[in-house]
Amino acid sequence: MDTVDIGLLIIRSWVGLVILLHGVNHARGLDGTANWFESIGFRSARLQAINSAVVEIGAGAMLILGLGTSLAAAGIFATMFVAFWTVHRTNGFFIFRPGEGYEYVSTLGLVAVGLAITGPGSASLDSALDIAETLDGWVGALIVGAGLAGAFGLLTIFWKPETTS
């Protein structure tokens, strides 16, 4: 294992842990998460809260393990894109701004894209299963693109924010 592999392991593990714990937080406070989702314009808010928790916990665990890394990255990127679009994009860059800016969600999302493209490194289940090189590079980018398409679909179907007149 070389220094790049160690660096990828550290990045994967930290981002995976952050996302996993975020999902656990959503799951533990599911009613509050659903209420909040409804307040920002999501229909079927409880379903969206459950989906968010499941994707975040699953993708976080997968990223930590380096298992299906590009799939995990696609889930993280899609989730962070939905958060960016629905909540953070109009609040400026910095998270400490009123309404919370987009620096946090964009950083997590773009790190996930980078991991999908570079691959998980040798300290991963993808490498142990000899599938790492099958799922990274342009294939990884395409998988993340499919995740983005899913995010657009979710927004189109379930997000109906109130319009101001």
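Please treat every number below as a calculation from the coordinates, not as lab data. Just so we're clear, the structure is a prediction, and the values are computed from it rather than from any experiment. Every residue, glycine among them, receives a Cβ derived from its backbone with ideal geometry; neighbour counts consider all protein chains shown.
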Semi-axis lengths, Å, the chain, gyration tensor of Cα atoms, sqrt of 5 times eigenvalues: 29, 15, 15
Label-point gap, in nm, between R89 and T163 - each point 7 angstrom along Cα→Cβ: 1.6 nm
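Determine, for E38, E56, E162, the number of other Cβ atoms within 10 Å of each Cβ, and report the residues in order from fewest to most. The partial results should precede the final answer.
Details: E38 15, E56 24, E162 8.
So the residues, fewest neighbours to most, are E162, E38, E56.
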C-alpha long axis of helix 30-39 to longest principal axis of the chain, angle in °: 60 degrees
Cα-based helix-to-principal-axis angle, 138-158 vs the chain, degrees rounded to 10: 20 degrees
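Going through segment 1-101, which chymotrypsin sites (Phe, Trp or Tyr not before Pro) have at most 15 other Cβ atoms within 10 Å and a DSSP loop state? Walk me through the intermediate numbers first.
Working: sites: W14, W36, F37, F42, F77, F81, F84, W85, F93, F94, F96; in loops: F93, F94, F96.
Passing both the DSSP loop test and the Cβ count: F93, F94, F96.
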Which of I157, I40 has the fewest Cβ neighbours within 10 Å, and the rest in rising order: I157, I40
Tilt relative to the chain, helix 103-118 - C-alpha long axis, 0 to 90 degrees, to 10: 30 degrees
Ascending count of other beta-carbon atoms within 10 Å, so fewest first, for T86, T163, T33: T163, T86, T33
Three-way shape call for segment 1-88 based on the alpha-carbon gyration tensor, with the a/c threshold at 1.5: prolate
